[in-house]
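All remarks here apply to the structure that follows.
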Amino acid sequence: MKKWQCRVCGYIHAGSEPPAKCPVCSADASEFYEMGPEGDELASMVAGKPSAPAPAKSPLAQAYEALTDHIYKNHLHPITVHFPNGVLPAAVIFVGLAIFFNHRGLQEAAYYNLIFVVLTMPVVLFSGYVAWHKRYKGAMTQNFAIKIGCAAICTVAAVVAVVWRYSDPTIMDAGAPDRWLFLLVNVVMLATAGLAGHLGGKMVFDNRL
Ligand SMILES: [Zn+2]
């Protein structure tokens, strides 16, 4: 039985042909290598292939490289993504309850939770970008396109919700005409965060032998 490995995510497939699409990262068949009997391609693919000597880098580029290496090696993305993801569902539940029960305290709770989400998003997005480049060489498979799209929509929805509530403190009041639209923006934020997390978890956990 031949073995094939996905160049993007390292997934190993056994069979006479590579799969049409990687079940983990959705890369197509052309991204699969046939593995040697020792599985030697595995190590070279995961660690990155040896490349030609790189040209000398400026001190700033070296500092950026050192910083992003630390971010990747210390798993900052899965760590930081839990900050807003822990608070996002609470914010959306508070928005829904505040609207249903016309409750001022819940409106405030929702608003401050949303502010926290917006404040943590830059570090989540940057650490995600770093992990994508370091681990997956920035490969733009369908999975990554969806993940990046979700991250963008989630961030925009969170910013819209905060700015909207800031400029209209009555948006969650019982009589506010746009309160359901405001809730919808929050639900979209939660749904896109959930989908991005699902795809990230799939790539990490479905790839363990
Ligand atoms: Zn793959």
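If we scan the range 102-121, do we find a residue that is free of Cβ contacts under 8 Å to residues at least 60 places away in the same chain, outside any helix (DSSP H, G or I) and surrounded by 14 or more Cβ atoms within 10 Å (Cβ to Cβ)?
Yes, there is a match, as at least one residue in the range 102-121 is free of Cβ contacts under 8 Å to residues at least 60 places away in the same chain, outside any helix (DSSP H, G or I) and surrounded by 14 or more Cβ atoms within 10 Å (Cβ to Cβ).
Identify the residue in the range 134-148 that is in contact (Cβ under 8 Å) with a residue 24 or more places away in the chain and in a helix (DSSP H, G or I) and, among all such residues, is farthest from His198 (Cα to Cα).
Across the range 134-148, the extreme among qualifying residues is Lys134.
Please enumerate the residues belonging to the range 25-59 that are modelled with pLDDT of 90 or more, more than 16 Å from the ligand (Cβ to nearest atom) and assigned to a helix (DSSP H, G or I).
Result: Pro59, single match.
Which residues, counting only those in the range 2-24, are touching a Gly at 6+ places or on another chain (Cβ under 9 Å) and either in a loop (DSSP other than H, G, I, E, B) or more than 9 Å from the ligand (Cβ to nearest atom) (or both)?
Within the range 2-24, Lys2, Lys3, Trp4, Ile12, Val24 meet the criteria.
Which one of the conditions (1) surrounded by fewer than 17 Cβ atoms within 10 Å (Cβ to Cβ); (2) at pLDDT below 95; (3) of a type in the set (A, V, I, L, M, F, W, C) does Ala139 fail to meet, given that it meets all the rest?
(1)
The values are calculated or read from the model by the stated rules, or taken from the named source; none is laboratory data. Values in this document were obtained by computation on a predicted structure and should not be read as measured data. Backbone-built Cβ (ideal geometry, glycine too); neighbour counts: all protein chains shown.
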